[in-house]
Amino acid sequence: MSTLSMRDRELVALGAALASNCIPCIEFHVPAARKAGLSDADIAEAIALADKIRKVPADKALDAAHAQLGAAPAVAGSACCAPSAEPGKACC
């Protein structure tokens, strides 16, 4: 038996669906999250956070590509972290 509530399970599923760019998963889990008692505001907040987190590696890959060309990074900082965040620390 799971110790996670259905609400918690759907929040995790939404994050994973967005991180894996799985449209059918998103289409399944948004209504499932509503059925589990999450409001559209809760769902939107979870999606926004997942989107911020998934953009971090994409930004780092873009920076690496620019570095190979000897160009300055196109994105200042990561999508998730504020400039004041400590290096190496999660900040989302």
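Ordered by packing density, taken as the mean number of other Cβ atoms within 10 Å over each peptide's residues, highest first, how do 26-36, 57-67 rank?
26-36, 57-67
Ordered by residue, what ³J(HN,Hα) values in Hz, to whole numbers, does the stretch 10-20 give under the Karplus form 6.51 cos²θ - 1.76 cosθ + 1.60, where θ = phi - 60° and Gly and Pro are x?
With coefficients 6.51, -1.76 and 1.60, one gets 6, 5, 4, 4, 4, x, 5, 4, 5, 4, 8 Hz.
Which cross-chain or sequence-distant (5 or more) residues have an amide H under 5 Å from the amide H of C22, H modelled 1.01 Å from N in plane?
For C22, whose amide H was placed from the backbone, there are no distant partners under 5 Å.
I need the phi-derived Karplus couplings for the stretch 62-68: 6.51 cos²θ - 1.76 cosθ + 1.60, θ = phi - 60°, integer Hz, Gly and Pro marked x.
Rounded to whole hertz, the list is 5, 4, 5, 5, 5, 4, 5.
Can you give the percent of C-alpha pairs in the stretch 6-55 whose distance is more than 15 Å?
33 percent
Restricting to Cα pairs below 8 Å that are 6+ residues apart, what does the relative contact order work out to for the stretch 6-55? Please round to a whole percent.
This gives 46 percent for the stretch 6-55.
Computed from the coordinates by the stated procedures, all read-outs in this text should not be read as laboratory data. Since the model is a prediction, treat every value here as computed from it, not as a measurement. In this analysis, Cβ positions are derived from the backbone assuming ideal geometry, glycine residues included, and neighbour counts consider all displayed protein chains.
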